[in-house]
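Asks: Pasting in a structure now, in structure tokens, and then I'll have a few things to ask.
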Amino acid sequence: MKRFSIAIALLALAGVAFAQSPVKVSFWYSVGGAVKETIETRIKEYNAMQSKYQIEGVFAGSYEESVQKVIAAVVAGDTPVLLHQAHVYAPQIIDAGAIEALDGYIQKDKGFQRDQFIEPLFQANVYKGKTYGIAFNCSTPIMFFNKDMFKKAGLNPDKFPETWDDFYQAAKKLAALGKDTYALSLDYGSGWILEGLVWQFGAEWMAKDNSKVLWTEKAHIDAVTFFKKLIDEKLAIYKGGDTAFMSGKAAVAMNSTVNISKWKTMATFDMGTSVYPYQAKKSVPLGGGSLYIFKRNPQNVKDGAWDFIKFMTSKDNQVAWAEATAYFTARKDSKDVLDKEGLLKKDPRYNTTYLQLGYIRPENETGYPNFLQIRTIYNEAWDKIMLQGAPVKQTLEEAAKKANAVIKENS
Amino acid sequence: MAIPTSRGRGAFIAASLAPSLVLIFAFSYIPLLFSVGVSFLRWNMLGAPKWIGLRNYQQMFTNPDFWNSVKVTFIYALWAVPSCIILGLLVGMVLKGAAIARGFFRVAFFLPVVISMVVASLIWRWILNPEQGFLNYLIYSMGLTTPQSAPHWMRWIKDPSGGAMAAILIVGVWKRVGYNGVIFLAGLLNISPEYYEAATLEGASPWQKFWNITLPLLSPVTFFVTIIQIISALKVSVSPLVMTKGGPVSSTEVLVLNIYKEAFENFRMGYASAVAVFVFLVILAFTIVQFRFGEKKVHYK
């Protein structure tokens, strides 16, 4: 009996020790620079405010680099617990059966406040009828422009051209400001910018059933031809990088809203922002990342990951997040705070991305698993057309053929 | 250490070789055989692999991307091999002849060899940046040309029609010349000075001495350097990966980079393995040439 009670006591002690050492939750994220520091600060706060879980953040490189690491990890059976990844690349990982569907967590946990999420941002994470990710750092590309150059060219610096045709007219004046001066710096980031541009001309990118790409339809060819015209007439510079805009060589740049925070401190001119021009219809791509939980983990660890997701997407943290990074806040109540007393009031440039909310489309809205591969083929076609002057129709046809072969191979 | 008996000696040799054999098998031969096996599969690492026989090879030979990479690698080798050899020989001769600060020159030329290729590529990516790079800044400030009238290749890493290729060639040659230089130096120091003394007495010009003594007696070294250089040119990958990611418009997508992209970006392990096997066979062919002819045919002693 004595021995038995000692055993009980020891077990109890072990239990206490076990309860006191926090459950470790590894977390791979993919934002660098100043945004990375914001994430690290949040992790520290979270680890300090509770003792049950310990979040261990690791920077996994860009979204594209992280996809490769994740797939290697899935193959090796050595995945982290929590993943921050662009929703555009998620289907491939989800199809591998590696990601936990979160609908159960959302229903069970009243503390999560599903209704507070901005609907299209939440919906971007629904794949094949299930919610796999929680919207975290969404963004759209916006137009950045040099108001000083607009003034010099005799254009209204408070009114950005509304349609691409208007833009073309304005572009002629802007490019006439000097030698080696351009209206537009045409850079495409991961490729989402290009997708948005063709949508604005009423073209489509991918068939709804993911059976083929639609790069050879007339509207699509017209869209690309329009931008080739800008390049050919030296109204736009292709792949000039941030420097083309920052140095005043190009009057307008297209990039994610996230760049506001960095660029406003770098710009030596009066920098304005605007919603996208349109042509056939208003449309912008929705990019950015979400938080995912890997299936292959014990439930208590996954619960920790879920708790951290709730923390990161809480009202206050989403306010702080949007203020620090210029990303969308994922929540309506946070948006209200930002509207009334916060950033959006102090600097309306941060509000630009919200003005586009009515017509956003997720980058990979049809949820095609091999999206990165297809998109690389598409980007290369643009490079050939813009850098080497390759014929638009023929180049897009060749690229579409190649992409459709990939689709066929994987179906 | 006492030399063991003949039987013990065999065991001793085996024990000494074991660590490196284990490593070579684990990290070279087993992956190599694995790769050959995978080249007959369709496999994206996530799903179940499927046996498709020679279809990957068939696809490879009809894929324009593959032929583009063959072309790009060939162009790279065509420029890199002669430049590395000629400049390497030049460096070797300078190192031999340097009357002062010989040690300094040896270190200076050999330094790039020791630097990691990733670091070297990062440095050169910055130097060769068309907008902010040091080289273009230098060219412009010397008044040789202006940003408006500069030729397209001066956009270096961003120019698909030669500039980007020139950029990775510059790094490749810069990195390699010192190594070749030192090998040539060893070869040059091996040539007995008596030949030159005799030639001087006969009244030979420096050019005649170079052409009739130095070059023929260096030929084993030159042959070795050439083969090693060809093999290294076929394997080039880090500089384009870091500097251009194979672009713009695949103009620097060499074969190894093509393998990397297919395997780890497109997750086509089978196809990528087929290309890898192709590269392996080409390099194997050059290695056989070196083993066969290296010692026998190119010898003048």
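Every read-out reported here was derived from the displayed coordinates using simple, explicitly stated rules and does not represent laboratory data. The structure presented is a predicted model; accordingly, all values stated were derived computationally and were not measured. A quick note on method: Cβ atoms are made from the backbone with ideal geometry, for glycine too, and the neighbour counts reach across all protein chains shown.
Asks: Of B:Phe184, B:Gly8, B:Val113, whose Cα points farthest to the positive end of the dipole of the protein assembly as shown (charges on the beta-carbon: +1 Lys, Arg; -1 Asp, Glu; origin at the Cα centre)?
Replies: Sorting the options by dipole projection puts first B:Gly8.
Asks: Which helices, counted as full DSSP H runs in chain A, have an axial Cα extent of no less than 24 Å and a Kyte-Doolittle average of 0.0 or above?
Replies: Helices passing the filter in chain A: A:2-20.
Asks: Taking amide H positions as placed 1.01 Å from N in the peptide plane, with prolines and chain starts having none, which residues 5 or more places from A:Cys138, or on another chain, fall under 5 Å of its amide H?
Replies: So A:Cys138 has HN proximity to A:Gly289, A:Phe328.
Asks: Same structure again: So if R0 is 60 Å, what FRET efficiency would B:Val282 and A:Asp316 give, r being the distance between their Cβ atoms, rounded to the nearest 0.05?
Replies: 0.50
Asks: Same structure, new question: Under a GNM of chain A (C-alpha, springs under 10 Å), which listed residue has the highest mean-square fluctuation: A:Ala326, A:Ala399, A:Ala48?
Replies: Highest fluctuation of the listed residues: A:Ala48.
Asks: Of the options A:Val126, A:Leu82, A:Gly248, report the single residue whose Cα projects farthest towards the positive end of the charge dipole of chain A (beta-carbon charges: Lys, Arg +1; Asp, Glu -1).
Replies: Towards the positive end, the residue furthest out is A:Leu82.
Asks: How many angstrom lie between the Cα centre of the range B:127-185 and the Cα centre of the range B:64-108?
Replies: 15 Å
Asks: Report the full-extension gain for the segment B:Ala108 to B:Ile123: residue separation times 0.36 nm, less the Cα-Cα distance, to one decimal in nm.
Replies: The span from B:Ala108 to B:Ile123 would gain 3.7 nm if fully extended.
Asks: Largest first and in whole Å, what are the equivalent-ellipsoid semi-axes of the range B:44-144 based on the Cα gyration tensor, each being the root of 5 times an eigenvalue?
Replies: Each semi-axis is the square root of five times an eigenvalue, giving 41, 21, 16 Å.
Asks: Still on this model: If the only charges are +1 at each Lys and Arg Cβ and -1 at each Asp and Glu Cβ, what is the size of the charge dipole of chain A around the Cα centre, to the nearest 20 debye?
Replies: Dipole of chain A, to the nearest 20 debye: 400 debye.
Asks: Now a separate question. Structure shown: which of A:Lys69/A:Lys315; B:Lys71/B:Lys261; A:Lys24/A:Lys69; A:Lys384/B:Lys245 lie over 25 Å apart, alpha-carbon to alpha-carbon?
Replies: Listed pairs above 25 Å: A:Lys69/A:Lys315.
Asks: Right, next: Could you work out, for chain A, what percent of all Cα-Cα pairs fall into each 20 Å distance bin, beginning at 0 Å and stopping at the bin that holds the largest distance?
Replies: 25, 53, 18, 3, 1
Asks: Now for a different question. Divide the volume of the convex hull of the Cα atoms of the range A:276-411 by its number of residues and quote the answer in cubic angstrom per residue.
Replies: Per residue, the Cα convex hull of the range A:276-411 comes to 171 Å³.
Asks: Assign one of three labels to the range B:60-293, namely rounded, prolate or oblate, based on the Cα gyration tensor with a ≥ b ≥ c the square roots of its eigenvalues; rounded applies when a/c is under 1.5, prolate when it is not and a/b is larger than b/c, and oblate otherwise.
Replies: Taking the square roots of the gyration eigenvalues as a ≥ b ≥ c, the range B:60-293 is oblate.
Asks: Still on this structure, please answer the following. Would you please give the FRET efficiency between B:Ala26 and B:Thr200, computed as 1/(1 + (r/R0)^6) with r the Cβ-Cβ distance and R0 = 60 Å, to the nearest 0.05?
Replies: For R0 = 60 Å, the calculated efficiency reads 0.60.
Asks: Here is a further query. Using a Förster distance of 56 Å, how high is the FRET efficiency between B:Arg9 and A:Lys36, based on the Cβ-Cβ distance and rounded to 0.05?
Replies: 0.45
Asks: Roughly how many debye, to the nearest 20, is the charge dipole of the range B:60-293 about its Cα centre, given +1 on each Lys and Arg Cβ, -1 on each Asp and Glu Cβ, and no other charges?
Replies: For this selection, approximately 260 debye.
Asks: On to the next question. With +1 on the Cβ of every Lys and Arg and -1 on the Cβ of every Asp and Glu, and nothing else charged, how large is the dipole of the range B:21-175 about its Cα centre, in debye rounded to the nearest 20?
Replies: Value, rounded to 20: 240 debye.
Asks: Shifting gears a bit: Taking each residue of B:264-271 in turn, how many C-beta atoms of other protein chains fall within 10 Å of its C-beta, and what is the average?
Replies: Going residue by residue through B:264-271 and averaging, the value is 5.
Asks: While we're on this one: Quick one: A:Ile221, A:Ile93, fewest Cβ neighbours within 10 Å first, how do they rank?
Replies: Lowest count first: A:Ile221, A:Ile93.
Asks: Can you sort A:Lys384, A:Lys282, A:Lys151 by how many other beta carbons sit within 10 Å, fewest first?
Replies: A:Lys151, A:Lys282, A:Lys384
Asks: Shifting gears a bit: Which ³J(HN,Hα) values in Hz, rounded to whole numbers, follow from the phi angles of the range A:273-289 under the Karplus curve 6.51 cos²θ - 1.76 cosθ + 1.60, where θ = phi - 60° and Gly and Pro get x?
Replies: Values per residue, Gly and Pro as x: 10, 8, 5, 5, x, 9, 10, 7, 7, 7, 6, 9, x, 9, x, x, x Hz.
Asks: Let me know the Rg and Dmax you get for the protein assembly as shown when you use only its Cα atoms, in Å.
Replies: Rg and Dmax of the protein assembly as shown, Cα atoms, are 30.6, 111 Å.
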